[in-house]
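Report on the following structure.
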Amino acid sequence: MRSLLAIGLALLAGGAQAALTDVTLDNGMRVIVQEDHRAPVMVSQVWYRAGALDEFNGTTGVAHVLEHMMFKGTQNVPPGEFSKRIAAAGGRENAFTSRDHTAYFQQMQKDRLELSMQLEADRMANLVISDELFAKEIQVVMEERRLRTDDQPQSVVYERLMATAYQTHPYRRPVIGWMDDLENMTAQDARDWYARWYAPNNATLVVAGDVKADEVVALAKKYFGALPARALPQRKPQDEPVQLGEKRIVVKVPAQLPYLLMAWHAPTLRDWEQDTAPYALQILAGVLSGNDSARLQKSLVKTRQIAVNASAGYDTVARGPGLFMIDATPAPGQSLAVLEKVIHEEVRRIQREGISAAELARVKAQVIAADVYQRDSLFYQAMQLGEYVTAGLPPEALARRVDKLRAVTADEVQAAAQQWLKDDRLSVAELDPQPLNEQARRATVPGVRHVN
Amino acid sequence: MSIKAFWSALLLVLPLGVQAALPIQHWQTREGAQVYFVESRELPMLDISVDFPAGSARDPSGKSGLAQLTHGLLDQGAGGLTDTAIAHRLADVGAVLAGNFDRDRAGVSLRTLSSAAEKTVALDILARVLQRPDFPQAVIGREKQRLIAAIREAEADPSSVAGKAFYRALYGTHPYAQDEAGEPAAIERLTRGDVQTFYRAHYSAPNAVISLMGDITRAEAEAIAARLAAGLSRSTVVPALPKPVPAAASDKRIAHPSTQSHVLVGAVGVARNDPDFFPLFVGNYVLGGGGFDSRLLKEVRDKRGYAYSAYSYFLPLGEAGPFELGLQTKHEQTDDALKVAQATLRQFIAEGPSEAELTQAKANLTGGFPLRIDSNKKILDYLSTIGFYKLPLDYLDTWVDKVNAVDVAAVKQAFARRIDPDRLVTVVVGGAGAR
């Protein structure tokens, strides 16, 4: 959750939409091309509308496990060859899985796009998941879970809070999967997932860079257009029932500092032209923690000095229901109870008195500037397009988001704070640090060094 | 499958390069600040970085944490403006002020729109922060507590604990041994006078490297650089750090309640200007820098499923930086994974890469070269690295040729010269720590 602020600001950055091409192939695969001729390079991303959101209990984490298996060979390309060929062409490649999607990308010189398409189209249809390679890779994924979640106190808090704030919606499950589900996962689970979701009509190709849109579309037709569409399972909304009162958990893990994470249920963008609350909540996050002396930093960290860090975050774009979050780490000697009380005071002050014209103008200035800065990164431009489209929003929603954010009024921000940051919709997690040196105390070997 | 550690390690190590020459302009201000500039009119924005030899290796004896505290205080009150006024003025024009800090270097970077109104405000703040930090007493107390809290928090992170122990074991009494953030007890004792003295000695014009990238003319770049340098102290260039001596073999086990053991193995490596750098850099792609092309990831992850991340890199610093090999694995298989990593390293040092492996490494590095300079941000980073480490101005132009010139024999000889497999430093954090 350290990155709450970064996420908030990143999402504030709008999309500069010069020369966007958006077509759908006959088999239902969407192709989006963003021309940008600043450097002789391109990024190519294939987005599948299949993430942790689409998983079932018992096989949580399978979307991410399949992502790993996508590098393990097809009927035509032996295990390890995909990465080797991309690397030989000077490419960088990787993949990422989230709650909403799984995406694969290559960054290369502009003239090597065809190789990337050829390989991606092949693994969209011809993946081979062997029991032997699966057995190794699932161990790797469990190590990844240990590394990124189990041994990171604040990640554990985040994971447990998600499982609390959401009672029924699949967002309650971690993207990496519960360890017990990973331990019991089979190669067949991964094969089933692949068969269910990996089809051209569930995918979007996003290419950004020094390319010509018509040539990209022609290549896409050649490689992806040949793959047949398949019937996709019906997706159920699984709406989260309204929360009926505050929820609170305590997480006890080895750590040095306490930590507080608060989450209120909040809407995400559905009708990008008519909705107002998501834009207002985005501005609200900026007012609370969009700069080094925004409200939370100024009040908690600088003036009262009861926290060493504090930030707010909110994701506008998602397939499922959203959360507005605030997190903070107390200063030495300060309790989480005091910290939480002051955060509530700050929220209530906005609910009661609204925000100043200067604050509103400041956040908008940041939005406008960030919209220019983000054009310095091809990857980020493609990433935003993929996220919007996968969430069911048109590229136009991205192109117009700066306008929509600039149109937000102070009254709308206050109204959004009143409507959504209600105590009965809040879930709170407290990290209660446990000693780091329990094991060291048990060690009997003399001269053993240990931390703490 | 993302291998964040691999990429971040690789990016740290990577020097810049260029096929079609990047037109770098270089001059010196009247006060002796070094200036590097690339003009780029495509986006209406300007990036500036100002760097000083004021990293943690410059901490005076007994005052660890002073360099980082000083750096962190620059924008927390300057030129009569409070921390809040600085943050608000920057945000009001959409400008972003950021800091970078490591063992060698302390820097401040500014990203702003290039339109006159915004740029004027942003440059005014940058000048105040660099030239007239106020170091308010109350803010010093607050920031000390925040630094100490961050150090405490990192004690729960086995990766951070391992990293600190690794540098201590590797560098002994050399300044690189010390952690960048310092020690809590020493930080507690730091005074405003310490901060002011450190600031004046290190953040001077003769020590400054000013890098500019973006939507301005040469004349304007000269004016900005002149203005920034003119308000800095004239303290003379700081002396070079002492030369690190090779570390003796050691094996440190540290208890930690983590579910994984974090394993680091390494040696004192090379400096930025070392003639062995390219053979080591290219060779390391095969050993542990090239992701799924690398032997370490194949042996540790692909074949055995021991770890998510397994890597090696040379981090070239002003003086010899570390060679580091790392992996994380559950406790029960720590020794097995460590043995595989050691055997992989030992075999690589003994035999070097195969012709095919080296060809693949060079194909990736040279073919991927354009990706290294495809944004203003990346180019700015390269300017500041070239300037800070006094790399030749044609460094980018010759980078691809230097990679291509590396052959199997050169890699083998360079590794044999630099890495003695019988004198490695090993650190394992996790489990009971017994050994």
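The values are calculated or read from the model by the stated rules, or taken from the named source; none is laboratory data. In this text, all values refer to a predicted model and were calculated from it rather than measured experimentally. Positions of Cβ are generated from backbone atoms using ideal geometry, with glycine treated the same way; all protein chains shown enter the neighbour counts. The area values use the complete protein model at the heavy-atom level, side chains included, leaving out ligands, DNA and RNA. Shrake-Rupley method; radii C 1.70, N 1.55, O 1.52, S 1.80 Å.
Below is a table of values for the structure above.
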| item | result |
| --- | --- |
| Heavy atoms of B:His88 accessible to a 1.4 Å probe, total area in Å² rounded to 10 | 40 |
| Angle between chain A longest axis and helix A:336-353 axis [Cα atoms, degrees, rounded to 10] | 80 |
| Loss of accessible area when B meets A, both sides summed, Å² nearest 100, probe 1.4 Å | 6400 |
| Cleavage-rule hits, chymotrypsin sites (Phe, Trp or Tyr not before Pro), region B:344-435, DSSP coil, Cβ neighbours within 10 Å at most 16 | none |
| Relative contact order (%) - criterion: Cα under 8 Å, at least six apart; region: region B:295-357 | 29 |
| Proximal charge balance of A:Pro321 [Cβ under 10 Å; K/R count +1, D/E count -1] | -1 |
| Residues with amide H under 5 Å from that of B:Leu327, placed H, sequence gap 5 or more | B:Val263 |
| Cα gyration tensor shape of the protein assembly as shown, rounded if a/c is under 1.5, else prolate or oblate by comparing a/b with b/c | rounded |
| Sparse-neighbourhood loop sites, chymotrypsin sites (Phe, Trp or Tyr not before Pro) in region A:165-256 - DSSP loop, at most 15 other Cβ within 10 angstrom | none |
| Electrostatic dipole magnitude of region B:23-230 [Cβ: Lys, Arg +1; Asp, Glu -1; Cα centre; debye, to 20] | 480 |
| Point-to-point label distance, A:Gln118-A:Gln419, nm (Cα→Cβ direction, 7 Å offset) | 5.3 |
| Largest to smallest accessible area among A:Arg38, A:Arg406, B:Arg168 [probe 1.4 Å] | A:Arg406, B:Arg168, A:Arg38 |
| B:Trp27-A:Arg248 pseudo-label distance in nm [points 7 Å out on the Cα-to-Cβ vector] | 6.5 |
| Per residue solvent-accessible surface (Å²) - the protein assembly as shown, probe of 1.4 Å | 36 |
| Residue with peak Gaussian network fluctuation, chain B [Cα springs, cutoff 10 Å], from B:Ser384, B:Ser233, B:Ser64 | B:Ser233 |
| Along principal axes, Cα extents of region B:23-230, largest first, whole Å | 48, 35, 32 |
| Under the Karplus curve 6.51 cos²θ - 1.76 cosθ + 1.60, θ = phi - 60°, whole-Hz ³J(HN,Hα) for region B:299-309, x wherever Gly or Pro sits | 6, 7, 9, 4, 7, 10, x, 6, 8, 7, 10 |
| Euclidean distance of C-alpha centroids, region B:84-112 and region B:379-435, integer Å | 30 |
| Rounded if a/c under 1.5, otherwise prolate or oblate - chain B, Cα gyration tensor axes | oblate |
| Efficiency of FRET from Cβ geometry, B:His331 and A:Asp432, R₀ 22 Å, rounded to 0.05 | 0.35 |
| Helix A:357-373 axis, angle to chain A major axis (alpha carbon atoms, nearest 10°) | 20 |
| Gain on full stretching of the segment that runs from B:Arg192 to B:Asp251 - 0.36 nm per residue minus C-alpha separation | 17.3 nm |
| Karplus (6.51, -1.76, 1.60) ³J(HN,Hα), θ = phi - 60°, over region A:168-185, in Hz, Gly and Pro reported as x | 10, 5, x, 4, 6, 9, x, 4, 5, x, 5, 4, 5, 5, 5, 5, 9, 6 |
| Rounded percent of accessible protein surface that carbon and sulfur make up, region A:300-348, 1.4 Å probe | 52 |
| FRET efficiency for B:Thr398 and B:Thr217, using Cβ-Cβ distance with R0 set to 45 Å, rounded to 0.05 | 0.95 |
| Distance between region B:277-350 and region A:190-232 - C-alpha centres, whole angstrom | 35 |
| Portion, in percent, of the accessible area of region B:250-429 that falls on carbon or sulfur, probe 1.4 Å | 50 |
| Cβ-placed point charges (K, R +1; D, E -1), dipole of chain B about Cα centre in debye, nearest 20 | 680 |
| Residues of region A:241-266 buried by at least 50 Å² on assembly (accessible area, 1.4 Å probe, chain alone as reference) | A:Gln256, A:Leu257 |
| Sum of -39500 (n - 2.57) over DSSP H runs of 4+, divided by residues of chain B (222 nm, nearest 500) | -13000 deg cm²/dmol |
| Region A:3-223, accessible surface, carbon-and-sulfur percent (1.4 angstrom probe) | 49 |
| Computed P(r) (all Cα pairs; region A:247-434; 5 Å bins; percent) | 1, 8, 15, 19, 19, 15, 11, 8, 3, 0 |
| Degrees between helix B:137-154 axis and first principal axis of chain B (Cα, 0 to 90, nearest 10) | 20 |
| Relative contact order of chain B, defined on C-alpha pairs under 8 angstrom at six or more residues apart (%) | 25 |
| Burial of 20 Å² or greater, region A:268-294 residues [accessible area, probe 1.4 Å, versus chain by itself] | A:Asn291, A:Asp292, A:Ser293 |
| Within region B:106-130, backbone nitrogen closer than 18 Å to the virtual label 7 Å beyond the Cα of B:Arg227 toward Cβ | B:108-130 |
| Vicinal HN-Hα couplings computed from phi for region A:153-162 (Karplus, 6.51 cos²θ - 1.76 cosθ + 1.60; Hz; Gly/Pro x) | x, 6, 5, 5, 4, 4, 4, 5, 5, 4 |
| By accessible area with a 1.4 Å probe, ligands and nucleic acids excluded, highest first: order of B:Asp251, B:Asp194 | B:Asp251, B:Asp194 |
| Amide proton proximity set for A:Gly322, modelled H, under 5 Å, gap of 5+ | A:Ala266, A:Thr268 |
| Threshold 40 Å², region B:146-169 residues less accessible with all protein chains present than alone (1.4 Å probe) | B:Arg146, B:Ala149, B:Glu153, B:Glu155, B:Ala156 |
| Cα centroid separation - region B:146-205 against region A:77-102, whole Å | 38 |
| Solvent-accessible surface (1.4 angstrom probe) belonging to A:Asp122, in square angstrom, nearest 10 | 20 |
| Cα-only radius of gyration and Dmax that characterise chain A, units Å | 23.2, 71 |
| Normalised contact order of region A:41-88, rounded percent, pairs of Cα under 8 Å and 6 or more residues apart | 19 |
| For A:Asn309, residues with placed amide H under 5 Å, excluding near neighbours | A:Thr329 |
